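First the structure, in the form of structure tokens, and then the observations on it.
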Amino acid sequence: MSLLYRVKCPFCGKVEDLPDSGPCRKCRNPIQLPGDGIIHIYRSHEALGVALRMYLFLNGIHLGYLGFDESIRIPVQYGHYSVMMRYPEKGLRRPTGIPFEFDITPDNRIICLKAYTRPGYMTNTTYLEQSSLDQMPPL
């Protein structure tokens with residue numbers, strides 16, 4: 001399996017997983033991957049909500065879904081970022097919940113996050129926590 005990066009086309013807005021910089025599969029405009037840092041997100045396997053996909057938001061922008069036991073990489077530039085994940089609700093595609101915030105700097109180029117769900121009495125809560133590279137699944 002090749003290494004894929006989750007990107008959003010700046011021209012048409014399509015979210016897709018690409019192996020490298022190249023044309024968008026929808027509008028054929030060139031997409032240049034930022035090379036400053038990477039956000040690596042892993043949704044751990046859990047007994048609850050196995051079949052449900054989770055919405056992924058980066059700085060409030062919807063970046064598609066993350067499936068059960070799936071791992072993605074998002075190339076980013078240096079700066080401050082906020083990541084949030086949640087289960088879909090009918091008619092609601094905006095971020096709701098507590099974001100995980102961090103900075104991508106020359107000293108901190110790779111951020112690894114692990115997402116998991118903890119069941120509650122009335123609702124389930126999605127958590128994001130920082131991990132190390134050795135705790136992430138192999139690429």
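The values are calculated or read from the model by the stated rules, or taken from the named source; none is laboratory data. Just so we're clear, the structure is a prediction, and the values are computed from it rather than from any experiment. Cβ coordinates were reconstructed from backbone atoms using ideal geometry, including for glycine residues, and neighbour counts include every protein chain displayed.
The set of residues in the stretch 59-93 that are of a type in the set (Lys, Arg) and modelled with pLDDT of 90 or more contains only 73.
Could you tell me which residue of the stretch 94-116 is surrounded by the most Cβ atoms within 10 Å (Cβ to Cβ), considering only residues that are under 16 Å from residue 57 (Cβ atoms) and at pLDDT 75 or above? Let's see the steps before the verdict.
Here is the first cut: in the stretch 94-116, the residues under 16 Å from residue 57 (Cβ atoms) are 94-102, 111, 113, 115.
From the residues that got through so far, the ones that are at pLDDT 75 or above too are 99-102, 111, 113, 115.
Details: 99: 16, 100: 18, 101: 11, 102: 15, 111: 20, 113: 19, 115: 22.
Going through the qualifying residues, I end up with 115.
Within the stretch 22-56, the set of residues being at pLDDT below 85 and part of a loop (DSSP other than H, G, I, E, B) comprises 35, 44, 45, 46, 47, 48, 49, 50, 51, 52, 53.
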